[in-house]
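Report on the structure given below.
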Amino acid sequence: MQPHEPQLRAWLTSQFPSGQDVDDIVQEAFVRVLRARTDAEVRSPKAYLFVIARNLALMRVRHSKVAKEDSLAEIDCSGILDEDADVPHAVARAQELEMLTEAIQSLPTRCRQILTLRKIYGLSQKETAAELGIAEHTVEIQAAIGLKKIGQFFRRYRPQA
């Protein structure tokens with residue numbers, strides 16, 4: 001996980017420029033990933049680390065909003081924090097994110113790597129192929145397989161209405 005620390009710090013700083021203690025968030029994220037690894041296998045530690053760090057940063061943003069310690073006008077949360085969301089909606093979004101993380105971790109290694117690079121990091125099909133040292137056609141097929149398996153995961157585990 002340590003090789004990802006500089007990238008994580010840079011991302012946190014760009015997303016949460018003021019009022020955030022990046023050192024504390026990074027430290028807590030490392031601790032939580034290490035705890036999770038003792039309970040079960042973490043198939044994609046980098047993605048898991050970034051998700052945990054983002055959630056920790058968002059919790060701090062929400063806490064500061066409730067405690068009125070900092071002004072949210074100074075924090076650029078556009079696209080990350082929906083200020084119009086009520087508590088049930090926010091909880092539902094958190095549960096969906098947790099479920100998506102579970103779905104991604106349930107994928108075979110190659111599908112998970114490809115979907116993470118394509119959908120989370122926004123790499124093109126060509127860039128993903130170059131990063132993984134595989135053919136672009138393989139990226140296309142594996143991404144389709146991964147998305148299909150994620151769809152099956154959600155259909156299988158979605159709570160009944």
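The values are calculated or read from the model by the stated rules, or taken from the named source; none is laboratory data. None of the values given here were measured: they were computed from a predicted structure. Every residue, glycine as well, gets a Cβ built from its backbone with ideal geometry; the counts of neighbours run over all protein chains shown. Only protein heavy atoms, including side chains, enter the accessible area calculation; ligands, DNA and RNA are left aside. Shrake-Rupley method; radii C 1.70, N 1.55, O 1.52, S 1.80 Å.
R43 satisfies every condition listed in (1) in a helix (DSSP H, G or I); (2) open to solvent by 100 Å² or more (accessible area, probe 1.4 Å); (3) at pLDDT 75 or above except (1).
Quick one: would you say Y157 is under 22 Å from L56 (Cβ atoms) and either touching a strand residue (DSSP E or B) at 6+ places or on another chain (Cβ under 8 Å) or free of Cβ contacts under 8 Å to residues at least 60 places away in the same chain (or both)? Considered against the rule, which asks whether it is under 22 Å from L56 (Cβ atoms) and either touching a strand residue (DSSP E or B) at 6+ places or on another chain (Cβ under 8 Å) or free of Cβ contacts under 8 Å to residues at least 60 places away in the same chain (or both), Y157 comes out as no. Filter the stretch 1-11 for residues that are among the aliphatic types (A, V, I, L, M) and at pLDDT 80 or above; which is most open to solvent (accessible area, probe 1.4 Å)? Of everything passing the filter in the stretch 1-11, A10 is most open to solvent (accessible area, probe 1.4 Å).
Take V61 and decide whether it is at pLDDT below 75 and open to solvent by 50 Å² or more (accessible area, probe 1.4 Å). Here the answer is no, as V61 does not meet what is asked. The listed residues are A135, A130, and the only one of them that is open to solvent by 70 Å² or more (accessible area, probe 1.4 Å) and among the hydrophobic types (A, V, I, L, M, F, W, C) turns out to be A130.
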